[in-house]
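For reference, the structure discussed in these notes is given below.
Nothing in this text is a laboratory measurement; each read-out follows from the coordinates by a stated rule. Note that the structure is a prediction, hence the values are computed from the model and not measured. Virtual Cβ from ideal backbone geometry, glycine too; neighbours counted across all protein chains shown.
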Number of protein chains: 2
Amino acid sequence: MTNVLTNTLKNRQYVFAARPEDEATAGCFGQVETVLPALKPGQILCRNLWLSVDPYLRLKMHDRESYTPPLQIGEAIPGNSVAQVVTSADPAFEAGDMVAISGGWQEYAVVRAAHAKRVDPALSRPQSWLGALGMTGFTAYGGLLSIGQPKAGETVVVSAAAGAVGSLVGQIARQLGCRVVGIAGGPEKCARVVADFGFDACVDYRAEGFAGALAAACPKGVDVYFENVGGKVAAAVMPLLNMFARIPVCGLISQYDGQSGTDPKALEEFMRWVLVRRLTLRGFIVYDLYQNHPEFTDTMAGWLRSGAIREEFNLHSGFDQVVPAFLGMLKGAGFGKTLVQIAEPV
Amino acid sequence: MTNVLTNTLKNRQYVFAARPEDEATAGCFGQVETVLPALKPGQILCRNLWLSVDPYLRLKMHDRESYTPPLQIGEAIPGNSVAQVVTSADPAFEAGDMVAISGGWQEYAVVRAAHAKRVDPALSRPQSWLGALGMTGFTAYGGLLSIGQPKAGETVVVSAAAGAVGSLVGQIARQLGCRVVGIAGGPEKCARVVADFGFDACVDYRAEGFAGALAAACPKGVDVYFENVGGKVAAAVMPLLNMFARIPVCGLISQYDGQSGTDPKALEEFMRWVLVRRLTLRGFIVYDLYQNHPEFTDTMAGWLRSGAIREEFNLHSGFDQVVPAFLGMLKGAGFGKTLVQIAEPV
C-alpha cells in the first residue's frame with residue numbers, strides 16, 4: 001500500500017521563520033523543501049490545489065496563549081486546503097478523489113483518511129469547501145444561529161462585512177428575515193456589500209461621521225452584533241445595542257496586528273453597557289458549535305444552489321502568492337474569501 | 001374604604017436633591033414632609049419598618065441611561081421595604097398584615113395591593129424578604145443558576161463576597177457542590193466570609209499580592225465569575241478564567257462612584273480573553289430571570305430553615321440613618337445585607 005512517489009516528490013512548505021514585533025510581514029515566513037514520509041495504512045497522500053488563508057493564523061503568531069497553541073519557530077504553517085488524492089493507503093479514497101483537509105501551506109500533504117472530507121461536486125464547486133461549506137461558512141452560520149439567535153425583523157450588524165465570514169453572516173441573516181447592516185472599509189467595498197451580498201446597508205468605517213452613519217442605518221437599534229473586528233468599530237456599535245442584544249465574538253482582527261485606539265475608560269464603559277443593556281457576549285470558535293447544527297451542510301448547499309447565498313472568492317494564483325495573500329487579507333484587501341490556487345486538478 | 005388617617009399622617013420622605021459630581025454624598029439627598037393621598041380602592045396604606053438600601057440606586061443617580069431611568073431632582077427615592085398595613089382598601093389585606101413592597105425611602109407608602117407580597121412568617125423572619133427571599137436573594141440565585149450554570153466540582157469566584165448578593169451567591173454555589181472563592185476588602189471581612197458563610201477561601205483585594213493570592217486560591221482556574229465589582233478586581237480574575245467560563249454581570253460597584261483604574265489596553269485585553277477562552281458574559285437584572293425559577297422561594301426558605309444558608313444583616317436604626325447606611329454600603333462598610341429599621345412592628 002505504500003507508494004514510491006512519496007520518496008521522490010519534492011514538497012515545498014511554508015514555515016514560521018520569525019515572530020512579528022508588531023505587524024506581520026513577509027519576513028515572518030520561510031520556505032523549506034521536505035521529503036514526504038512513506039504512507040502508512042489509513043493515510044492518503046494529497047496534492048493541495050487551493051489553500052485557505054485565515055485570520056486565526058495571525059493569533060497563532062503571538063507568543064502567548066490563544067485558542068490554539070502559539071506557532072513555534074520552524075513549525076510548518078497550518079491551514080485548510082482542497083486537495084486531490086495522489087495515492088491512498090485507505091479503502092475510503094482512491095487516486096483522483098477531491099478532498100477537504102488540513103493540508104497546511106505546502107504542495108503535498110500526508111493526512112489520515114479519517115480526517116479527510118470528501119468533496120461532493122453535486123453540492124457545490126470544490127472551493128466552497130474552503131468557503132461557504134467549510135470552516136468559514138460554519139463559523140458564520142453556527143455563530144449567528146447559536147449565539148446571535150436572530151429573529152425575523154431584528155437588526156443584525158456585521159463587521160468585516162466584505163470578508164469571508166462577514167459576507168456570509170449578513171446573507172444568512174437576510175434569509176432569516178432580519179435587517180442587515182454591514183460595516184466595511186471604503187466606499188467601493190460598501191457598495192459591493194449591498195449590491196453583491198444583498199445587505200440592506202453598509203457603512204464605511206474609514207469615513208468621517210462613521211458613528212452617525214451607522215446609527216442612521218440602524219433606526220431600530222441593533223439586536224445582534226457579529227464581532228469580527230473589535231476596536232473603534234465595536235465602540236461605534238456599542239451605544240446602538242438594544243436591550244438583550246447578543247454579540248457573538250468571532251474575531252478581533254483590528255487587534256491582531258497590535259493596533260490600538262481605545263481610551264482608558266473603554267473597558268468600564270463597555271461593561272456598563274453589558275450591565276444596563278443586559279447584553280450577552282460570547283466568544284467562540286467554529287469547533288464549539290458543530291454539534292448544534294447537523295443540518296448545516298444541506299442548508300448551506302441549498303442556499304448556494306438556489307442563489308440565495310452568494311460566495312465571492314478573492315483568488316490568488318501560485319505558491320509564491322500565499323504569504324502576500326495572507327498579509328493582504330489581514331489588511332482588508334480584496335472582497336470575499338481569500339484563497340490561493342497552487343495547482344490545477346487533474 | 002378611605003381612611004381619615006391618610007390625611008393627618010405626617011410622612012417624612014427622602015428626595016433626590018443634587019446629582020453627584022463624583023462620589024455620592026449626603027448632600028445628594030434631602031428630606032421633605034408629604035401629605036398622604038386618600039386611599040383608592042385596591043390600595044393599601046403601609047408603614048415602612050425596614051428599608052433596603054441597594055447599589056442599583058447609585059446607577060440611577062447618574063444623568064444617563066441605565067436599566068432604569070435616571071432619578072430627577074426632587075423625585076422621591078425608591079427602594080424596597082418590609083412594612084405593616086395600616087389601612088386597607090383591598091380585600092386581600094387587613095390592618096396589621098406584614099408585606100414586602102416598593103415602599104421607598106419614607107415612613108409611609110400607599111401602594112396597590114396587587115403589588116404587595118405577603119410576608120409569610122412560617123418561611124422566615126420578615127427581614128428575609130429584603131434579603132435571601134427578596135430581590136437580593138433572587139439576584140444571587142437567578143444570576144448564578146441561569147447565567148453562571150455552575151456544575152459540581154467547578155470553581156466559582158464571587159466579588160463583593162461579604163456583601164448582600166455575593167454572600168448568598170457563594171453559599172448557593174457551595175450547596176451545588178462547587179469550590180467557592182470570595183473576594184472582599186480587608187482581612188477581617190475575608191475571615192468572616194470563610195467562617196460565617198462557609199466559602200472555601202476568601203482573598204483580600206486590598207492586600208499586596210492580591211492577584212497571586214487569588215490564583216493560588218483557584219488551582220483549577222475559574223469556571224464562573226459572579227461579577228459585582230468591575231475594575232481591578234475583575235482584571236485579576238480574567239486571566240484565571242477557564243475555557244467556556246461564564247460571567248454573570250450583576251453589578252460594577254467599583255465604577256459607580258466614578259472611580260477608574262484601567263489602562264488604555266484594558267478593553268482589548270478583555271476582548272482577547274473573551275475570544276480565546278470562549279467566555280460567555282451576560283448582564284442581567286433580577287427581573288430578567290424570575291420566570292426561570294418558580295422554585296426559588298421554596299428552595300431558599302428551605303436552605304434558610306435548615307441552616308444551609310445563612311443571612312447576615314448590617315442593620316442600622318432610625319430614619320436619619322438611611323443615607324449614611326447607603327453611603328457606607330457603597331464603600332463596602334459592613335457585612336451582609338444593609339437594612340435600616342425605621343419603626344417597630346405593632
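Angle, helix B:187-197 long axis vs. longest principal axis of chain B, Cα atoms, 0 to 90°, nearest 10? Orientation of helix B:187-197: about 70 degrees from the principal axis.
Please average, across the residues of B:55-64, the number of beta carbons from any other chain that are within 10 Å of each residue's own beta carbon, and give a whole number.
Numbers: counts 0, 1, 0, 0, 3, 0, 0, 1, 0, 2.
Mean partner shielding for this stretch: 1.
With contacts defined as alpha carbon pairs under 8 Å and 6 or more residues apart, what's the relative contact order of the range B:81-223 in percent?
Numbers: 228 pairs, mean separation 21.5, N = 143.
Relative CO of the range B:81-223 lands at 15 percent.
Could you calculate the contour length gain from A:Ala95 to A:Asp120, that is, 0.36 nm times the residue separation minus the distance between their Cα atoms, to one decimal place in nm?
Numbers: separation 25, 0.36 × 25 = 9.00 nm, distance 1.54 nm.
7.5 nm is the gain from fully extending A:Ala95 to A:Asp120.
Dividing the Cα convex hull volume of the protein assembly as shown by residue count, how many Å³ per residue is that?
Working: hull volume 121.9 nm³, N = 692.
Taking only Cα atoms, the protein assembly as shown has a hull volume of 176 Å³ per residue.
Neighbour counts of C-beta atoms inside 10 Å place A:Ile147, B:Ile285, A:Ile172 in the sequence B:Ile285, A:Ile147, A:Ile172, starting with the fewest.
Compute the relative contact order of chain B as a whole-number percentage, counting only Cα pairs closer than 8 Å that sit 6 or more residues apart in sequence. It would help to have the intermediate numbers written out before the result.
Numbers: 756 pairs, mean separation 58.7, N = 346.
For chain B, the relative contact order is 17 percent.
Between helix B:164-175 and chain B there is an angle of about 60 degrees, using the helix long axis and the longest principal axis of the Cα atoms.
Per-residue ellipticity at 222 nm from helix content only, as computed over the protein assembly as shown with -39500 (n - 2.57) for each DSSP H run of at least four residues, stands at -7000 deg cm²/dmol.
Shown for chain A: cysteine residues without a partner Cβ closer than 4.7 Å, namely A:Cys28, A:Cys46, A:Cys178, A:Cys218, A:Cys250. Note on chain B: lysine pairs with Cα distance below 24 Å, sequence gap of 8 or more or different chains, count 14. A simple rule links phi to the HN-Hα coupling: the Karplus curve 6.51 cos²θ - 1.76 cosθ + 1.60 with θ = phi - 60°, which for the range B:87-96 gives 9, 10, 10, 8, x, 6, 9, 9, 3, x Hz, with x for Gly and Pro.
Charged neighbours of B:Glu311, selected by a Cβ distance under 14 Å, balance to +3 (K, R count +1; D, E count -1). For the Cα trace of the range A:234-346, dividing Rg by the Kirkwood Rh returns an Rg/Rh value of 1.06. Of the candidates A:Glu208, A:Glu154, A:Glu33, which one comes out as most mobile in a Gaussian network treatment of chain A with C-alpha springs shorter than 10 Å? Largest GNM mean-square fluctuation: A:Glu208.
The Cβ shell under 14 Å around A:Phe244 holds other residues with a net charge of +4, Lys and Arg each +1, Asp and Glu each -1. Placing unit charges on each Cβ (+1 for Lys and Arg, -1 for Asp and Glu) gives chain A a dipole about its Cα centre, and among A:Ala333, A:Thr34, A:Cys250 the Cα reaching farthest toward its positive end belongs to A:Cys250. Loop-located trypsin sites (Lys or Arg not before Pro) in the range B:14-71 (DSSP state other than H, G, I, E, B) with a sparse environment of at most 10 neighbouring Cβ atoms within 10 Å: B:Arg64. D by Stokes-Einstein for chain A, Kirkwood Rh over Cα pairs, 10 °C, 1.306 mPa s: 76 µm²/s. If you bin all the Cα-Cα distances of the range B:134-267 at 5 Å, starting from zero, the percentages per bin are 2, 12, 23, 26, 22, 11, 4, 1. Shielding of peptide B:223-230 by partners, expressed as the average count of other chain Cβ atoms within 10 Å per residue Cβ, is 1.
Give me the percent relative contact order of the range A:135-288, please, defined on Cα pairs under 8 angstrom at least 6 residues apart. Value for the range A:135-288: 22 percent. Taking the C-alpha atoms only, the angle from helix A:296-306 to the longest principal axis of chain A is near 80 degrees. With distances taken between every two different alpha-carbon atoms, the range A:1-80 has a Kirkwood hydrodynamic radius of 14.5 Å.
Estimate the FRET efficiency between A:Lys151 and A:Ala211 by the formula 1/(1 + (r/R0)^6), using the beta-carbon distance for r and 22 Å for R0, to the nearest 0.05.
Numbers: r = 26 Å, r/R0 = 1.17.
About 0.30, to the nearest 0.05.
Counted over the protein assembly as shown, the DSSP beta bridges are approximately 55% antiparallel. For B:Arg118, the label point sits 7 Å beyond Cα toward Cβ; its separations from the matching points on the remaining copies run 6.9 nm, from shortest to longest.
Comparing B:Pro150, B:Pro55, B:Pro219 in a Gaussian network model of chain B where C-alpha atoms under 10 Å apart are linked, the largest mean-square fluctuation is found at B:Pro219. Take every DSSP beta bridge whose two residues both sit in chain B; close to 55 percent of them are antiparallel.
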